[in-house]
1. Please list, in order along the stretch 17-34, the HN-Hα scalar couplings obtained from phi with the Karplus expression 6.51 cos²θ - 1.76 cosθ + 1.60 (θ = phi - 60°), rounded to whole Hz, x for Gly and Pro.
2. Please work out whether the stretch 2-65 counts as rounded, prolate or oblate from its C-alpha gyration tensor, where a ≥ b ≥ c are the square roots of the eigenvalues and a/c under 1.5 means rounded, while otherwise a/b larger than b/c means prolate and anything else oblate?
3. Give the relative contact order (percent, whole number) for the chain; include only Cα pairs under 8 Å separated by 6+ residues.
4. Restricting to DSSP H runs of at least four residues, report the calculated mean residue ellipticity at 222 nm for the chain, -39500 (n - 2.57) per run over all residues, nearest 500 deg cm²/dmol.
5. Just to check I understand the Karplus step: with θ = phi - 60° and J = 6.51 cos²θ - 1.76 cosθ + 1.60, what whole-Hz values come out for the stretch 39-44, glycine and proline as x?
Amino acid sequence: MHISYEKLWHVLINRHMTREMLRKECKISSNTIAKLGKGQNVTTDVILRICVYLDCNLEDIMEIVKD
């Protein structure tokens, strides 16, 4: 199993936001954005900042995918 952030990218598209805008607004590094893009692990602090900024829940931006 792995975590997918595809839902996050759909939320950004629906809100007419870029990954760079998210990075700046949430004060996260470009490395972390790259990790999200590759479906790699990021800290819960980063996930929380994204959820607070986007005013959404965890399940709105990520999901567990069975291999």
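Only the coordinates and a few stated rules stand behind these numbers; no lab work does. The structure presented is a predicted model; accordingly, all values stated were derived computationally and were not measured.
1. My calculation for the stretch 17-34 gives 10, 9, 5, 5, 4, 4, 4, 5, 5, 8, 6, 10, 6, 5, 4, 5, 4, 4 Hz in order.
2. Cα axes put the stretch 2-65 in the rounded bin.
3. Working: 60 pairs, mean separation 39.4, N = 67.
Relative contact order here is 59 percent.
4. It comes out at -16000 deg cm²/dmol, rounded to the nearest 500.
5. Once rounded to whole Hz, the list reads x, 8, 6, 10, 6, 5.
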